[in-house]
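So the structure is just underneath, and the comments pick up after that.
The values are calculated or read from the model by the stated rules, or taken from the named source; none is laboratory data. All of these numbers come straight from a predicted model, not from anything done at the bench. Here Cβ is always computed from backbone atoms with ideal geometry, including for glycine, and neighbour counts include all displayed protein chains.
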Amino acid sequence: MKRLPLLITIGIVLVTVGGYFLYERVLVTKNTSPWELVPESTIFVYEANDCQPCVQEMQQTSLWSVFRKAAFYQKPSADSLKMLFDFIEAQPRGLLVSTHQTRKDDFDFVFYIPLYQSKIKNLLLEQWSKLKTAEREFNGVKINELNSKGQMFSWAEVDDIWVGSFTPFLLEDVIRTYTGDGSTFKKQISSVYQMPHVKEDAGNLYVNIKNFGNWVGSFANAPMDFVQQVGHSALLDIKADGQTLTFNGFSMDSASQGYILSVFNNQVPVPFNMKNLISSRSVMVTSYGISDGPKLGESLKTYAAKKKSSLQDSIARLETTAGVQFKNLYQSLGKEVTVCYLEGRENNLSKIVLIETTKPEDWINTLNTVAQKTSLDTVFFERFSDYELREIPLRSFPEKLFWPLLSGFSSSYYTSLGNTIIIGEDVDELKSFLDDIDKEETWGKSVAQNQFLETTLLEANLSVYINTPLAWNMMAGALYPKWQQFIEENQSSLQAIEMGAIQMSHLNNSYYTNITWSASGETKRGTIAKEEKRDKLITNFSQGIYKFFVIRNHFTKQEDVLVQDSTRAISLVSADGKVQWKVELDNFITGDVAQIDYLKNGKLQFFFATAGQLHVIDRLGNYVKPYPITIEEKDIEYTSVVDYDHSKNYRFLVASKTGKLWMYDKEGSNLDGWKPKATDGSLFTPAQHHRLRGKDYIIAIRKDGIVNLMNRRGETLKNFPLNLDARPVGSYAVEAGNDAASTSFIIVSRDGFRIKFNLDGKIISRESLIKTVPEARFSLVREENEKSYLVIRQEPRQLTVMNQELKEIFASDFVGNNPAEVRYYDFGNGKVYISITDRSQDLSFIYDGQGKLITTLPLESNALIVRRTNQGSLKAYSGLGRSLTLQPL
């Protein structure tokens, strides 16, 4: 009897548990969440919200248009895909779209729609019931497959979730996840999944940052280590405002703090104040905000130890060798370390590092000590304008100080400006960067750049700014062929995308993240282009045009034109085609017109020569004292401006038709060694100055192929004159190296030889160029900014243009063997143009860098100059008879 209460109790428990089990499993239907099906290898997941106006606004942006074009690119039956995409986009909250890498160079999506929240099931049955579909089974789940015009679409019902994809094996991955051990994308990003997010927006984006780095790698064969290691995961809300798309939310480090974001755990966000030092030519800028320099130094050391990097050992050895303590540099570290990426030679990115410091003299003294202790010979030193440039001959020196924030740098040239240390990996690129700062051609002086920066976070710890229009060309070289073709086919859409920024700011135990990208809108851009094309200006003169020169207006930053007419008078024509002034001259201009800052005040004047005179005239048409200056040489053929160290202490190099060289200072005094310097023969191109590794060279090449190389005192250097045994035509090119032996000068002879020689007076190579007919003539055309060169071959029926690798760019049947002037322009960002003027027919043609003719009808002219406007469009300046024409293209 005593057992009865126990049995009754056990019975009650069993009934209760059984009832609960029956209720939960039979009477209550539990809905499977789409999140339980998303594979852990997913790159990112888009989760829709109920705000349809928000979604529609996002879909109207240029960025969304480009993304859709990329998603459908090279996929068959694009119309069917578009219809399905539109259909799925219209679904309410609960829709998920996951992104996956499918091949080395491709990606695709999986769509998840909960049937318990949507009428999609009935709609699918209604729309697709008449289509012939195939069925198969995978892991007990039935898969339906629809094949339309070579495009397979697969879908299945997994519990109460409809899942579909255009890539069958992705659907199989979803089923494996459902039937597997519970490893899902949601678990991978659990730290951000729990975070709150905004409801009234276009949706939420959940990102596995490491997988995202792999996905970026599906577009280009380039290292993505930094992207993969920057953080663990992110949750971002999506908002659109006009043509600006913004993603904001939070990014997380891992529990082990094994990602780059951990470096900033002891930092607070700081403002971006480097914009006045950022060159307008920057393709991308990465800025690191620092509130505590010593703590950053410790964090970098800790991170390197976690990653088992050998950098700390390298730093220790360097400290011992140089007798310095790098930790002292972190004590005076300022608020920012910024890296600028610029378009360098041969389409490579050149890096410039800006390091703010409270004690620039300590940094320079330390760097000088390292340079002295690590140089095998004398320390490289060069004065450039007001800067002193030196070299640390160590590979990856900035990387040793700031890894993983900085990497690369095959060499390091450094200087300082105020409280900023500036380090570049190429000395010529460093000079150009400093020149941009001096000319105020920086982000801080750009209205457009400032307007964009105002839309970004005011304070951050990590910021990446991308000048997208400039980035397309740099990306093209690294992209896989598929995406190179995509860029070529979608130029108008891609060029509508403007500046972008990715920013992260330390906040408690996470990082507030803001991603902003702006665009102009294709329709608006097209309208502007049409308006510009109508803006053709013609300026008529009372006399015929003898010569004209396109020059830069230092006030408006636009191009003006200096014109000399047949009466020898010169006139300045403004960008709107109006004549500003007229000055009478006694003779015609010989050689070129150069712009100089004679007074060192940022204002530009015009330097040129006439028979027996040198002239310097300001932009108002007034002579600068003591000009004009009378000189002894009457028979002038060429002039060049020499500025040895960019100090604006100009020298004027004058060459006569008999090859005599004269050198004058700013006051017009003829310098020793140049009274004159005889080369004993006429030159085929102007004598010019080159500074290589801090040494000055003056080169003068005669028409008969005799090369004269001199120092700045006019003394002929060892092994010169050099006989090339060839008659050069056109111009010459320079391939700069690290020393005299590796620096080459290149000429092309009339009869078809390409010859390279170095500063040691040795002919490196003599290459025979291919002739298709015996009478073919050759010449070299140097790019206007000396970036590269072309080789021209003229034959009776055809003019062929080849690049410096001797690959044919195009052949023109319009010109043939007629006297022609070829000009070569590389404005950066892949904006390369070649113009040909047939002087027999007075017709000009303009081609792009791929050899495509962009002038549908030839331009009537006997002289043509091409320039790119501040808005990025192309403008042609042409002269014929009495008319000067300014014509946007």
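Pairing each residue of segment 251-264 that is farther than 18 Å from Leu405 by Cβ with any residue that is outside any loop (DSSP other than H, G, I, E, B), provided the two are 6+ apart or on different chains, yields C-beta distances under 7 Å for Met252/Ser191; Met252/Val192; Met252/Ser233; Met252/Ser510.
Under the condition of being touching a residue at least 40 places away in the same chain (Cβ under 8 Å) and either touching a Cys at 6+ places or on another chain (Cβ under 7 Å) or part of a loop (DSSP other than H, G, I, E, B) (or both), which residue from segment 649-659 is farthest from Phe720 (Cα to Cα)? This residue is Tyr650.
Within segment 569-585, if we keep just the residues that are in contact with a Ser or Thr (Cβ under 7 Å, 6 or more places away or on another chain) and either within 16 Å of Pro628 (Cα to Cα) or among the basic types (Lys, Arg) (or both), the residue that is surrounded by the most Cβ atoms within 10 Å (Cβ to Cβ) turns out to be Leu585. Listed here are the strands (runs of 3 or more DSSP E) enclosed by segment 272-357 that have at least 2 residues being among the hydroxyl-bearing types (Ser, Thr, Tyr), closer than 28 Å to Leu434 by Cα and modelled with pLDDT of 95 or more: 282-289. Taking residues in segment 187-215 that are without any contact (Cβ under 8 Å) to a residue 60 or more places away in the chain and farther than 11 Å from Asn49 by Cβ, and partners anywhere that are of a type in the set (A, V, I, L, M, F, W, C) and in a loop (DSSP other than H, G, I, E, B), the pairs with Cβ atoms closer than 6 Å and at least 6 places apart or on different chains are Gly213/Met224.
Looking across segment 660-688, the residues that are within 30 Å of Val748 (Cα to Cα), part of a loop (DSSP other than H, G, I, E, B) and touching a strand residue (DSSP E or B) at 6+ places or on another chain (Cβ under 6 Å) come down to Trp674, Pro676, Thr679, Gly681, Phe684, Pro686, Ala687. Quick check: anything in segment 627-648 of a type in the set (Lys, Arg) and either in a strand (DSSP E or B) or without any contact (Cβ under 8 Å) to a residue 12 or more places away in the chain (or both)? No, because not a single residue in segment 627-648 is of a type in the set (Lys, Arg) and either in a strand (DSSP E or B) or without any contact (Cβ under 8 Å) to a residue 12 or more places away in the chain (or both).
Each residue in segment 652-698 was checked for being over 23 Å from Val593 (Cβ atoms) and acidic (Asp, Glu), and 3 pass.
Looking only at residues in segment 217-257 that are among the small types (Gly, Ala, Ser) and within 26 Å of the chain's Cα centre (by Cα), which one is surrounded by the most Cβ atoms within 10 Å (Cβ to Cβ)? Lay out the reasoning, then the answer.
Quick first cut of segment 217-257, residues among the small types (Gly, Ala, Ser) only: 217-218, 220, 222, 231, 233-234, 240, 242, 249, 251, 254-256.
Applying the additional criterion that residues be within 26 Å of the chain's Cα centre (by Cα) yields 217-218, 220, 222, 231, 240, 242.
Working: Gly217: 18, Ser218: 19, Ala220: 17, Ala222: 11, Gly231: 25, Ala240: 20, Gly242: 11.
Among those residues, the one meeting the criterion is Gly231.
Within segment 187-229, being modelled with pLDDT of 80 or more and polar (S, T, N, Q) holds for Gln188, Ser190, Ser191, Gln194, Asn204, Asn208, Asn211, Asn214, Ser218, Gln228, Gln229. In segment 14-50, of all residues being assigned to a loop (DSSP other than H, G, I, E, B), of a type outside the set (A, V, I, L, M, F, W, C) and closer than 16 Å to Val158 by Cβ, the one that is modelled with the lowest pLDDT corresponds to Thr29.
Restricting attention to segment 702-716, report how many residues are surrounded by 15 or more Cβ atoms within 10 Å (Cβ to Cβ), among the β-branched types (Val, Ile, Thr) and more than 38 Å from the chain's Cα centre (by Cα). Residues meeting the conditions: 1. Restricting the first member to segment 768-780 and to residues that are surrounded by 10 or more Cβ atoms within 10 Å (Cβ to Cβ), and the second to residues that are of a type in the set (S, T, N, Q), the beta-carbon pairs closer than 7 Å and six or more apart or on different chains are Ala776/Gln794; Arg777/Gln794; Phe778/Ser749; Leu780/Ser731. Within segment 177-198, the residues that satisfy the criterion of being surrounded by fewer than 17 Cβ atoms within 10 Å (Cβ to Cβ), over 24 Å from Phe247 (Cα atoms) and not β-branched (Val, Ile, Thr) are Gly180, Asp181, Gly182, Ser183. Taking segment 518-568 as the range and being loosely packed, with under 13 Cβ neighbours inside 10 Å, within 30 Å of Gly242 (Cα to Cα) and either of a type in the set (Asp, Glu) or at pLDDT 90 or above (or both) as the test, only Glu531 passes. Looking at segment 680-697, can you tell me whether even one residue there is on the phi > 0 side of the Ramachandran plot, modelled with pLDDT of 95 or more and under 33 Å from the mean Cα position of the chain (by Cα)? No; the residues of segment 680-697 include none that is on the phi > 0 side of the Ramachandran plot, modelled with pLDDT of 95 or more and under 33 Å from the mean Cα position of the chain (by Cα).
Here Pro686 clears all of (1) touching a Ser or Thr at 6+ places or on another chain (Cβ under 6 Å); (2) closer than 30 Å to Ser412 by Cβ except the condition numbered (2).
Answer yes if at least one residue in segment 460-478 is closer than 30 Å to Ser510 by Cβ, assigned to a loop (DSSP other than H, G, I, E, B), at pLDDT 80 or above and out of contact with any Cys (no Cβ under 8 Å at 6 or more places or on another chain), and no otherwise. Step through it out loud before you land on a result.
As a first pass, look at segment 460-478 and keep what is closer than 30 Å to Ser510 by Cβ: 460-468, 471.
Add one more test, that the residue is assigned to a loop (DSSP other than H, G, I, E, B), and what stays is 461.
In the following step, the residues that additionally are at pLDDT 80 or above were identified as 461.
With out of contact with any Cys (no Cβ under 8 Å at 6 or more places or on another chain) added as a condition, the list becomes 461.
The answer is yes; a qualifying residue exists.
Listed by position, the strands (runs of 3 or more DSSP E) enclosed by segment 822-889 that each have at least 3 residues that are hydroxyl-bearing (Ser, Thr, Tyr) and in contact (Cβ under 8 Å) with a residue 24 or more places away in the chain are 832-838.
If you go through segment 484-500 one residue at a time, do you hit one that is under 30 Å from Asp105 (Cβ atoms), crowded, with 20+ Cβ neighbours inside 10 Å, at pLDDT 90 or above and in contact with a strand residue (DSSP E or B) (Cβ under 7 Å, 6 or more places away or on another chain)? For segment 484-500, residues under 30 Å from Asp105 (Cβ atoms), crowded, with 20+ Cβ neighbours inside 10 Å, at pLDDT 90 or above and in contact with a strand residue (DSSP E or B) (Cβ under 7 Å, 6 or more places away or on another chain): present. Answer yes or no as to whether Leu405 is farther than 30 Å from Gly849 by Cβ, hydrophobic (A, V, I, L, M, F, W, C), more than 17 Å from the chain's Cα centre (by Cα) and assigned to a strand (DSSP E or B). Answer is no for this residue. Considering segment 149-206, the residues that are of a type in the set (Phe, Trp, Tyr) and under 40 Å from the mean Cα position of the chain (by Cα) include one that is farthest from Gly94 (Cα to Cα), namely Phe169. Scanning segment 689-705 for residues that are in contact (Cβ under 8 Å) with a residue 40 or more places away in the chain and under 21 Å from Arg750 (Cα atoms) turns up Ile699, Ala700, Ile701, Arg702, Gly705. Looking only at residues of segment 706-720 that are free of Cβ contacts under 8 Å to residues at least 40 places away in the same chain and not hydrophobic (A, V, I, L, M, F, W, C), we find that the one that is nearest to Arg777 (Cα to Cα) is Asn708.
Taken over segment 261-309, the criterion of being β-branched (Val, Ile, Thr) and either surrounded by fewer than 20 Cβ atoms within 10 Å (Cβ to Cβ) or closer than 21 Å to Gly418 by Cα (or both) is satisfied by Val268, Val270, Ile278, Val285, Thr286, Ile290, Thr302. Here Leu389 meets each of (1) at pLDDT 90 or above; (2) part of a loop (DSSP other than H, G, I, E, B) with one exception, condition (2). Listed by first and then second residue, the pairs with beta-carbon distance under 9 Å, at least 6 apart or on different chains, first residue in segment 378-393 and touching a residue at least 60 places away in the same chain (Cβ under 8 Å) and on the phi > 0 side of the Ramachandran plot, second surrounded by 19 or more Cβ atoms within 10 Å (Cβ to Cβ) and of a type outside the set (Ser, Thr, Tyr), are Ser385/Lys431; Ser385/Leu434.
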